[in-house]
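This report concerns only the one structure given below.
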Amino acid sequence: MPQNPESSRRAWLRWIARYLAAIALLAFIIPATPSHAQASGHVEVKIVKAGLLIGGGAGSGVLTYRGRVYPFRVSGLSFGITAGATVGRLAGRASGIREVRDFAGTYTSVGGGAALVGGINGAHLRNEKGVTIVLQGPKAGMEFAANLSAITITMR
């Protein structure tokens, strides 16, 4: 008995729909592999900086990434209008990390700020591996700055 062409087409479309539904379900069930997935981490930094025209700073911090804590050191220079000295404690997020070693590197930032006894500090940094760090927090001291900064982070 010959099959109706219309029922064959419907059967074929049902099979394709089931196949696509199964693939979509697997895409949600199977997680991305950690080596290729990007994740964000929590960053805390204490930094001391001072300068007159050219500024310098150093500090230390920790990156909490995928449940582990990684200590690091920070050092940097700023070029532009800088006068004063401050101590800051910053906290925020680092995004675009594929592997923890991506966090280390040289970050650039353009910014400015002012503090008289105390103030709020913020930074938006990006390194050559595509990691972005957004930090904010209080700072104490006296400073006026409008500059370009290069910050190096090294893992301890």
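The table below lists the values:
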item	result
Gain on full stretching of the segment that runs from Q38 to T152 - 0.36 nm per residue minus C-alpha separation	38.9 nm
Within straight-line cross-link reach of K139, lysines at Cα separation under 27 Å, skipping those fewer than 8 residues along the same chain	K46, K49
Hits among aspartates and glutamates - C-alpha to C-alpha of K129 under 12 Å, sequence gap 8 or more where chains match	E99, D102
Length released on extending from A83 to I54, taking residue separation times 0.36 nm less the Cα-Cα span	9.6 nm
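Values quoted throughout were computed directly from the atomic coordinates according to the rules given, and no laboratory measurement underlies them. The structure presented is a predicted model; accordingly, all values stated were derived computationally and were not measured.
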